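I have placed the structure first, in the form of C-alpha cells, so that the comments after it can refer back to it.
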Amino acid sequence: MSTKKAITENVLDRLKIKSLNEMQEAAISAAAINNNILLLSATGSGKTLAFLLPLIKLLDPANTKTQAIIIVPSRELALQIESVFKSMGTNLKVTCCYGGHLRETEENNLKQPPALLIGTPGRLADHIRRGNITTASITTLILDEFDKSLELGFLDEMSFIIGALPAIQKRILTSATQAVEIPGFIGMNDSVTLNFLTDKDEDTGLTIKTLLSDGKDKLETLFRLLCMLGNKSTIIFCNHRESVERTSKFLKEKDIINEFYHGALEQQERDAALSKFRNGTANVLVTTDLASRGLDIAHIRYIIHYHLPGSEDIFTHRNGRTARMDASGTAILILSPEEKLPAYINPDTEQIILPESTTLPDKPQWSTLFIAAGKKDKVNKIDIVGFLSNKGKLKKKISV
C-alpha cells in the first residue's frame, strides 16, 4: 500500500467514514496530476474532504513554515473547516483567522507559523499588512465557496492576499454555483474543471412544495404551517435582518421555540444560536441567506422560504441545507396573493393545504446553558458538573 493511500485510509478511519463518494475520488485524482482545479459540487456533497485530503498529502511535517492557505467567505465556514482538519489527526498546526474576536489572540497563534492557515479575506488581509503572516512559503491556495466571497464584496481583499503569495504552485477553487467568472488575479491558467452539479431536484432527494398565504403578511400562515409540520428540524429563510427578528419574535409569542441568526449579531450570539439549533434545544432557526452557505447542520427536514429568494442560485443554496448526502428533505415556498412562482420552479409543484385547526408542536426535550467562564477564570468542566450536581442534588452513583 502506498504512503499516500495509507494516509487517506487512516484519516477516513478517524472520521468514521467508510468510503469516499465519486466527487471526492475525482478531486483527489485530479489534484495528484493538476495544479489548478475548479470543483463544482452541490452544498452538502462533501467538498471539504475533497480538498483537505489532497492538501494533507502536500503538507510536510518537517517544514516549520506556513505551507497552505484556505480563504472562505464566512467565519462559520472557517471554523467548520478547522474542526474537520483537526479531526483528521495530522498533528499539524492550523490557525483560524476571522473577524468578530480579538485580533491579538490570532497574532499570538501566528508567532509560531501554522502549517495551514484558514480565514476570511478581511482578517487575513489585515494580518498580511501587519506582517503577522509569512507569505513567501505558502505554495497551496484553496478558495472554498469562492463565488460567495465575490458576492460579499471581498474582491479587493482577495486580490491583495493572492498578490502577496509569490510561491503558489497549486490552486483549488470550490463552488456550488456554475455561472461565476474567475478573476484573472487568481491565476487559474490551464485549469481542470470537475463539474458535479445537477439541475434535477429529484436527484438530490429534495421535494418542493408551495403554500398560498391569505394576505401579504405571511406570519399567521407560517405559524399554522409549523404547527402542521410538528417538531422537525426546520430553517426559515427571510431576505432581511429586520424580518428575521420580527418573524422570530412573532413565533416566540405564539409559543414556537426558535433561534434567529444573521450577520449583525455578535459572534458569541451567532455561535449560541447555531449550537442550540444543532443540539435540538430549538427545532426552528429563522435566518437570512447567511445560513445558506457553509453551515454543516445534519438532519434538517424542512426549508421554508418565507421570502422568495432573489435568484435561482440563492434558492439552490438555501435548499442545500437539507436533502444532503443521500438524505431527503422538503422545501416550501410561502406565496402571498401578489407573488408569483419563480420561472425556475415547476408550475405543477404540489400545493399545501393547511388544516383548519392548529396544534402546537412538541417542545424540545432539553435546554442549553451557556456558562461564560473557562480556564482564565480558573473554572473547568469538573467544577461545572459538580456545581450542577449539587444544585440538582444528584447522586454520584447510578443504580441500574
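Structure values in brief
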item: Nonlocal amide H pairs with I208, under 5 Å, H built at 1.01 Å; result: A331
item: Percent RCO, i.e. relative contact order, over segment 201-351, from Cα pairs under 8 Å lying at least 6 residues apart; result: 38 percent
item: Distance histogram for the chain (every C-alpha pair counted, 20 angstrom bins, percent rounded to whole numbers); result: 24, 53, 22, 1
item: Sequence-separation-based contact order of the chain, relative, with Cα cut under 8 Å and 6+ spacing, percent; result: 18 percent
item: For segment 201-351, fraction of C-alpha pairs farther apart than 25 Å, in %; result: 21 percent
item: Residue pairs, from the table K252/K276; K276/K395; K16/K65; K252/K363; K111/K376; K16/K93, whose Cα atoms sit over 19 Å apart; result: K276/K395; K16/K65; K111/K376; K16/K93
item: Entries in K57/K86; K18/K148; K209/K254 that, when Cα-Cα distance is taken, lie over 26 Å; result: K18/K148
item: Estimated FRET transfer efficiency (R246, N63; beta-carbon r; R0 51 Å; 0.05); result: 0.45
item: Cut-off 15 Å between beta-carbons: net charge of the residues surrounding G119, Lys and Arg +1, Asp and Glu -1; result: -1
item: Gaussian network model of the chain, springs between alpha carbon atoms under 10 Å - residue of Q112, Q178, Q365 with greatest fluctuation; result: Q365
item: Segment 62-69 - phi-based ³J(HN,Hα) in whole Hz, Karplus 6.51/-1.76/1.60, Gly and Pro as x; result: 7, 7, 8, 9, 6, 10, 8, 9
item: Rounded to whole Hz, the Karplus (6.51, -1.76, 1.60) HN-Hα couplings of segment 300-308, x for glycine and proline; result: 7, 8, 10, 10, 10, 8, 5, 10, 5
item: A343 paired with R14, simple spin-label distance in nm, labels 7 Å along Cα-to-beta-carbon; result: 5.0 nm
item: Highest-MSF residue in the chain out of L12, L333, L40 [GNM, Cα springs under 10 Å]; result: L12
item: Charge dipole magnitude, Cβ of K and R +1, D and E -1 - segment 65-115, Cα centre, debye nearest 20; result: 160 debye
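All of the numbers you see were taken from the coordinates with simple rules; none came from a lab. Note that the structure is a prediction, hence the values are computed from the model and not measured. Don't worry about glycine lacking a Cβ; one is built from the backbone with ideal geometry, like all the others, and counts go over all protein chains shown.
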